[in-house]
1. Translational diffusion coefficient, Stokes-Einstein: compute it for region 114-203 using the Kirkwood radius over C-alpha pairs as Rh, at 20 °C and 1.002 mPa s, and state it as an integer in µm² s⁻¹.
2. Applying a 10 Å radius around every beta-carbon, put 173-183, 153-163, 131-141 in order of their mean neighbour count, most first.
3. Given a 1.4 Å probe and the protein chains all in place, what does the accessible area of Leu76 round to, in Å² to the nearest 10?
4. Would you mind calculating the relative contact order of region 135-207 from Cα pairs under 8 angstrom and at least 6 residues apart, reporting the percent as a whole number?
5. For Thr49 paired with Arg160, estimate the spin-label separation in nm (one decimal), with each label point 7 Å from Cα along the Cα-to-Cβ line.
6. Structure shown: which of Lys115/Lys245; Lys67/Lys242; Lys88/Lys118; Lys118/Lys245 lie over 28 Å apart, alpha-carbon to alpha-carbon?
7. Quick check: net charge around Ala132, other residues with Cβ under 13 Å of its Cβ, Lys/Arg +1 and Asp/Glu -1?
Amino acid sequence: MTHPNFRVPVIRKATQSVGNHSVPLIIKTGAAPHVAFTYTESVCNVWFTFELIMRFGVSPDRREFMKSGINVIDILATLSFYMDVAVKNIATSMDASTRDLLEFFSIVRIMRLLKLVKHSSGLRVLLHSFKASAKVLILLVFFVVLGVVIFASLIYYAERITNRGKTGAGVKNDFTSIPESLWFAVVTMTTIGFGDMVPRTMFGMFFGAICALTGVLMIDLPMPIIVETFANFYAHTQARSKLPKQRRRVLPVEAPRPKPRQRSTAVIGELGAQMAANTARMGLLARGGGSAGSGGSS
């Protein structure tokens, strides 16, 4: 927990000698999460570990399991928790910068929220819309980056050349380099405009205005395509949700079928029995014909 109201101060006791007396001191060395939150996080991560191991154990294809993005996020988030616990228990004397760096890697645990995509139809529709509009988005990003680089260079040189040779308290240039001018171009083309960097010359203001108008045109023109794609996917999802749900038919239990070898043996036996019956019948017919012929000759 990063909120100060949910953290407990870490206090170290010390003494300071004042003349002939020693005065006890209480020094705050930092802050740590509350014990209740620590236990809750430990229990949740143990459950996540058990779930991950069980899903990996019963997975029919473990290679595909490891390739799934959601599973990779689960593995990294679980490993980050155990690494955090191990480092904190081993390296007890860490400075603030190292501790903040370790807490920064714990951001991976927040990525578990992406698992909500499986349970939210709206998020699935949004992802499908982004996938269907991938070409439009890539083209949009390309032109925005191109415009950012061009206008950052124009504003930088416009401010630098116009203010060259001017001195005085009123002369001020916020654009000291092209990389810093990129920030102004980004916030201007995206119509945010923080106001921390502003052009103060006539040419700088002109290029700033053109940058803002170009950003509006570049970003707003492809938006209807993306919105239409999202609307189509959302309408399709709503139509499918309103369809009556079909019940699964439960098939009756069938008698066990004989194996192919048993079936062929039974068929051969039946054919043999039929052939034996036909042979016996032909023998009887032949005997009957012989006795009839002898009676006629007598």
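The values are calculated or read from the model by the stated rules, or taken from the named source; none is laboratory data. Every value quoted in this text rests on a predicted model; they were computed, and no experiment measured them. Cβ atoms come from the backbone with ideal geometry, glycine included; neighbour counts cover every protein chain shown. These accessible areas exclude ligands, DNA and RNA; they are computed on the full protein's heavy atoms, side chains included. Shrake-Rupley method; radii C 1.70, N 1.55, O 1.52, S 1.80 Å.
1. 135
2. Ranking, from highest mean packing down: 153-163, 173-183, 131-141.
3. Counting only protein heavy atoms, the figure is 90 Å².
4. Across region 135-207, relative contact order equals 41 percent.
5. 5.6
6. Beyond 28 Å: Lys67/Lys242; Lys88/Lys118.
7. Numbers: positive: Arg124, Lys131, Lys135; negative: Glu228.
Neighbour charge sum, excluding Ala132 itself: +2.
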